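Trainee: I have a structure here, written as structure tokens, and I will follow up with some questions on it.
The values are calculated or read from the model by the stated rules, or taken from the named source; none is laboratory data. What you are looking at is a predicted structure, and each value in this text was computed from that prediction instead of being measured. In this analysis, Cβ positions are derived from the backbone assuming ideal geometry, glycine residues included, and neighbour counts consider all displayed protein chains.
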Amino acid sequence: MKLRYNYRLYPDAPQQAALARLFGCVRAVWNDGLARRKAAWKADRARISGPRLQQICITAAKRTPERDWLAQVSPVPLQQSLRDLDVAYGNFFASVSGRRKGPKVGLPVFKSRRDHRQSARFTTTAFRLRPSVAQGAEGVLYLAKIGKIEVRWSRELPTAPSSVTVIKDAAGRYFASFVVDVPDDSQALTRSDTEVDAVTGIDLGLNHYAVTSDGEKIPNPKWLRRRERKLKKLQRALSRKKKGSANRAK
């Protein structure tokens, strides 16, 4: 089973510039690949294969004056962008044919620098954690051609991640989203009766989140009240923004 673990990133000014360049390259490769696929389908209902699309939109494009700046970033996020495009097309055709359950999925669309969310995905060949966060240490995230980035490790990773997606949201905040493989819950919870040392009763309440039969009291985190206070503050700030402005859109 695959899970995502998200952490806040704090890149410095040069790293923010490098990430902005990377996001732009990923966006350009996605748009070029989408344009190529649309043109091929419109011409003779042909489909360009993934390797062929990478050769055209990345390898060959780097040798042209219009796209030579693609060589300034790691090629891995560019390749992942075209793989994501293949997945998006696959989801669309599966949705149209009825093989995909849930809401209908539309065709992929072109990306813009004005989009509220920018992202780039790195696989294990283009990032590393040192020392290993999966072992409980405060690791450091290295990204190819970006460098070491400060991460706010709010919790430990259960296993070594298979990929990480760097995200910039509409508010200008950066996040790292790690994908990890964990055992299925049914396997993880399979235990014999002899492995259970003791039984503890738990009483859920209002003043305390829970009270165990041993007398331990777990305080109520009051998530809803905290979120309501934060929402009230954000709504007051939103009401002061001019309608149609960029700040209001954020």
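Trainee: Which members of the range 92-106 meet the condition of being surrounded by fewer than 13 Cβ atoms within 10 Å (Cβ to Cβ) and either of a type in the set (A, V, I, L, M) or more than 17 Å from Leu34 (Cβ to Cβ) (or both)?
Mentor: The answer is Ser97, Gly98, Arg99, Lys101, Gly102, Pro103, Lys104.
Trainee: Can I ask one more? Can you pull out every residue in the range 51-73 that is of a type outside the set (A, V, I, L, M, F, W, C) and either in a helix (DSSP H, G or I) or crowded, with 19+ Cβ neighbours inside 10 Å (or both)?
Mentor: Keep residues of the range 51-73 that are of a type outside the set (A, V, I, L, M, F, W, C), which gives 51-52, 54-55, 59, 62-68, 72.
Matches in the range 51-73: Pro51, Arg52, Gln54, Gln55, Thr59, Lys62, Arg63, Asp68, Gln72.
Trainee: Take the residues of the range 130-149 that are modelled with pLDDT under 90 and in contact with a strand residue (DSSP E or B) (Cβ under 6 Å, 6 or more places away or on another chain): which is surrounded by the fewest Cβ atoms within 10 Å (Cβ to Cβ)? Steps first, please.
Mentor: To start, the set of residues in the range 130-149 that are modelled with pLDDT under 90 comprises 130-140.
Those still in the list that are in contact with a strand residue (DSSP E or B) (Cβ under 6 Å, 6 or more places away or on another chain) too: 130, 139-140.
Details: Arg130: 11, Gly139: 18, Val140: 15.
Across the range 130-149, the extreme among qualifying residues is Arg130.
Trainee: Something else: I want to confirm something. Restricting to the range 1-42 and keeping residues that are part of a helix (DSSP H, G or I) and among the basic types (Lys, Arg), which single residue is surrounded by the fewest Cβ atoms within 10 Å (Cβ to Cβ)?
Mentor: At the first step, the residues of the range 1-42 found to be part of a helix (DSSP H, G or I) are 13-42.
Right, trim to among the basic types (Lys, Arg) and you get 21, 27, 36-38, 42.
Numbers: Arg21: 15, Arg27: 19, Arg36: 17, Arg37: 20, Lys38: 13, Lys42: 9.
So the residue we want is Lys42.
Trainee: So, one more: Working only within the range 1-60, note down all residues that are of a type in the set (Lys, Arg) and either touching a residue at least 60 places away in the same chain (Cβ under 8 Å) or closer than 19 Å to Ile146 by Cα (or both). Steps first, please.
Mentor: Taking the range 1-60 as the starting set, the residues that turn out to be of a type in the set (Lys, Arg) are 2, 4, 8, 21, 27, 36-38, 42, 45, 47, 52.
Lys2, Arg4, Arg8, Arg21, Arg27, listed by residue number.
Trainee: Next up: Output the number of residues of the range 74-106 satisfying the condition of being outside any helix (DSSP H, G or I) and of a type outside the set (A, V, I, L, M). Steps first, please.
Mentor: In the first step, residues of the range 74-106 are kept if they are outside any helix (DSSP H, G or I); the result is 74, 98-106.
Filter once more, keeping what is of a type outside the set (A, V, I, L, M): 74, 98-104, 106.
Adding up the residues that qualify gives 9.
Trainee: Output the residues belonging to the range 71-106 that are under 27 Å from Ala60 (Cβ atoms) and small (Gly, Ala, Ser).
Mentor: Answer for the range 71-106, where residues must be under 27 Å from Ala60 (Cβ atoms) and small (Gly, Ala, Ser): Ala71, Ser74, Ser81, Ala88, Gly90.
Trainee: Would you mind finding the one in Arg36, Arg63, Arg27 that is under 25 Å from the mean Cα position of the chain (by Cα) and of a type in the set (D, E, K, R)? Talk me through it step by step, then tell me what you get.
Mentor: Details: Arg36 fails: under 25 Å from the mean Cα position of the chain (by Cα); Arg63 fails: under 25 Å from the mean Cα position of the chain (by Cα).
Testing whether each residue is under 25 Å from the mean Cα position of the chain (by Cα) and of a type in the set (D, E, K, R) leaves just Arg27.
Residue-wise test of (1) in contact with a Cys (Cβ under 7 Å, 6 or more places away or on another chain); (2) at pLDDT 95 or above; (3) β-branched (Val, Ile, Thr); (4) not assigned by TED's automatic domain parsing to the domain that holds Ala40.
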position: Thr59; (1), (2), (3), (4): no, yes, yes, no
position: Pro75; (1), (2), (3), (4): no, yes, no, no
position: Ser81; (1), (2), (3), (4): no, yes, no, no
position: Asp84; (1), (2), (3), (4): no, yes, no, no
position: Tyr89; (1), (2), (3), (4): no, no, no, no
position: Phe93; (1), (2), (3), (4): no, no, no, no
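Trainee: Right, something else. Could you list, in sequence order, all residues of the range 203-226 that are outside any loop (DSSP other than H, G, I, E, B) and either within 29 Å of Arg114 (Cβ to Cβ) or among the acidic types (Asp, Glu) (or both)?
Mentor: Asp203
Trainee: Next up: Taking Gly102 as the residue in question, decide whether it is at positive phi and outside the structural domain of Phe122 (by TED's automatic domain parsing). Please lay out each step first, then the result.
Mentor: Values: at positive phi: yes; outside the structural domain of Phe122 (by TED's automatic domain parsing): yes.
Taking the combined requirement at face value, the residue satisfies it.
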